[in-house]
Amino acid sequence: KTTPITGKPVEELYTLIGIAASTQDHTNRLVGVETEGMTVCPCAQEMVKSYSKDLLLEDGFSESDAERIIDIIPIASHNQRGRGTLLIGSEQPVRAENLIHIVEASMSSETYELLKRPDEFFIVNKAHRNPRFVEDVVREMLRNVIDVYPDLPDEAFVLTKQENFESIHHHNAFAERFGTLAEIRREFIKGEHVVRHTTLEQWLKG
């Protein structure tokens, strides 16, 4: 891919995943990808935002001016690399390139192996304008799958995972969601609460 501002070509490594299970009656197949991106913590950003507003008010700015300034300027937060995984099981062909785009677009920003300074500023600013928790990324992946593949049948299977390599903690953050598209659509489109979701093992067994 190319860097966002300077347009420099860079080589990126992605993991392609293929899973299949066969019986005498049928074969179920999944195609998936694993790729990395960047996430920014919304919680820490809100605290910095509140603190910055208090400083502006103490310095004599009006409430409305302080709010306007806070809305204009980027707000700091801690950020980290994240690794997203997306698997889709269906008889309908699914292109790995599209899955990579879905995963990267679901994070605060995509990342690049090599960056010039204008590119670095662009992705840092983009990420801090788009803060997301690890569970937000999983929800965005599912929402993007529904939008990008409206013709996938209800019996298709989707699994999404996100692991963030936390910068200020000694642990990583992890979120996962899976199920048939019928189950996922009921939650996202109809707003229903689905108590049990079909697991990968159950779907492969048919």
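Only the coordinates and a few stated rules stand behind these numbers; no lab work does. Model, not experiment: these values are computed from the prediction. Ideal geometry is used to build each Cβ from the backbone, glycine not excepted, and the neighbour counts take in all protein chains shown.
Based only on Cα atoms, what mean projected area does the convex hull of the range 2-49 have, in nm²? Across all orientations, the range 2-49 yields a mean hull projection of 7.0 nm².
Within the set of other residues whose C-beta is less than 15 Å from the C-beta of His26, count the net charge using Lys and Arg as +1 and Asp and Glu as -1. Walk me through the intermediate numbers first.
Details: positive: Arg29, Lys205; negative: Asp25, Glu91, Glu155.
Surrounding charge for His26 is -1.
The alpha carbons of the chain give a radius of gyration and a Dmax of 20.1, 76 Å, in that order. Counting charges near Ala66 (Lys, Arg +1; Asp, Glu -1) among other residues having Cβ under 12 Å from its Cβ returns a value of -4. Taking amide hydrogens as modeled 1.01 Å from N in the peptide plane, which residues meet the under 5 Å criterion relative to Tyr149, leaving out close sequence neighbours? So Tyr149 has HN proximity to no qualifying residue.
Give me the net charge for the shell around Val40: Cβ to Cβ below 10 angstrom, other residues only, Lys and Arg +1, Asp and Glu -1. Numbers along the way, then the final one.
On the way: positive: Lys126, Arg129, Arg132; negative: none.
Residues near Val40 contribute +3 overall.
Remark: for residue pairs Lys53/Lys126; Lys53/Lys116; Lys1/Lys190; Lys53/Lys161; Lys1/Lys126, the C-alpha separation exceeds 29 Å in Lys53/Lys116; Lys1/Lys190; Lys53/Lys161.
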